[in-house]
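The values are calculated or read from the model by the stated rules, or taken from the named source; none is laboratory data. What you see is a predicted model, and the numbers here were worked out from it, not measured in a lab. Here the Cβ positions follow ideal geometry from the backbone for every residue, glycine too, while neighbour counts run over all protein chains shown. Just the protein is used for accessible areas: all its heavy atoms, side chains included, with ligands, DNA and RNA removed. Shrake-Rupley method; radii C 1.70, N 1.55, O 1.52, S 1.80 Å.
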Amino acid sequence: MLTGAGISAESGVPTFRDAQTGLWAKYRAEELATPEAFLENPRLVWDWYVWRRQLTAQARPNPGHFALVELAKRVTDFTLVTQNVDGLHARAGSRDVIELHGNIELDVCFDEGTPVGAGEYRDDGSVPPRCARCGAYVRPGVVWFGESLPRRALDRAEAAVGSCELVLSIGTSSLVQPAAGLPLLAKRHGALLVEVNPNPTPLTPHADYVLSGPAGEVLPELVRAL
Ligand code: APR
């Protein structure tokens, strides 16, 4: 299973590219989700992520997330790969979720790239806070544009799509690589490709089945039909 921002839309977490409502309709990704933007204006980027963290903290998993928890109990060899940084799959009860783009709840030292947790911040009132070890700014533990994905997560995702019989691409615009290439990789290995999305995407022509509708409605229906 590959999920994108669309599966969290019904939880009130804005997607990125939906017209008007998507984050990138309001903010320029280049100004907020790149290492260059952070270096240029750390406070602006940090405050934006504090706002997004509040949004995801207030959000609750929806029936789409819970349906995937249920699906995992019914099929052997279930792998859940997500582009989402909101942590809602884990909060719904999904285990061992492969987070390709990191997790917004985590902090990382900008210079060392290592996690920064409780007691590891410099107590100097700095915003963004600073790493107690080296004094560099702390940044959110998400993958920014122009950055490579966590190696182990990508390797695990590629291994899963290389050996699966069925791949569901759920709530993603299939525009951002390398995640967008995973369902096609699975198809090339002989898997059946099913897309769940209320809108067409570049993946739609390649899908064997398209379940056109909101994930929070389509996925529980799918589980009930099993
Ligand atoms: N159920 C299913 N799909 C939905 C729903 C819904 N309720 N609502 C919207 N969608 C679909 C939209 O039609 C769109 O195709 O979800 C998709 C959301 O696309 P994006 O906003 O582009 O999100 P995503 O594909 O996850 O973006 C990929 O881009 O900005 C970066 O790092 C960020 O992980 C993100 C990556």
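Assorted remarks:
- Test: residue in the stretch 81-103 that is touching a Cys at 6+ places or on another chain (Cβ under 8 Å), closer than 27 Å to Ala225 by Cβ and β-branched (Val, Ile, Thr): no
- Within the stretch 36-92, being touching a residue at least 60 places away in the same chain (Cβ under 8 Å), in a helix (DSSP H, G or I) and within 24 Å of Glu158 (Cβ to Cβ) holds for Leu68, Leu71, Leu88, His89.
- Against the numbered list (1) modelled with pLDDT of 90 or more; (2) within 12 Å of the ligand (Cβ to nearest atom); (3) open to solvent by 30 Å² or more (accessible area, probe 1.4 Å), Glu36 comes up short only at (2).
- Some residue of the stretch 196-206 being of a type in the set (A, V, I, L, M, F, W, C) and open to solvent by 70 Å² or more (accessible area, probe 1.4 Å): no
- Test for Val176: is it among the aliphatic types (A, V, I, L, M), surrounded by fewer than 18 Cβ atoms within 10 Å (Cβ to Cβ), within 20 Å of the chain's Cα centre (by Cα) and within 11 Å of the ligand (Cβ to nearest atom): yes
Every residue, every condition in (1) at pLDDT below 95; (2) out of contact with any Phe, Trp or Tyr (no Cβ under 7 Å at 6 or more places or on another chain), yes or no:
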site: Leu2; (1), (2): no, yes
site: Ser8; (1), (2): no, yes
site: Thr21; (1), (2): yes, yes
site: Ala25; (1), (2): yes, yes
site: Leu32; (1), (2): yes, no
site: Ala67; (1), (2): no, yes
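- Residue that is among the hydrophobic types (A, V, I, L, M, F, W, C), under 20 Å from the mean Cα position of the chain (by Cα) and farther than 20 Å from Phe78 by Cα, where the choices are Leu203, Leu184, Leu219: Leu203
- Of all residues in the stretch 24-33 being outside any helix (DSSP H, G or I) and free of Cβ contacts under 8 Å to residues at least 40 places away in the same chain, the one that is least open to solvent (accessible area, probe 1.4 Å): Tyr27
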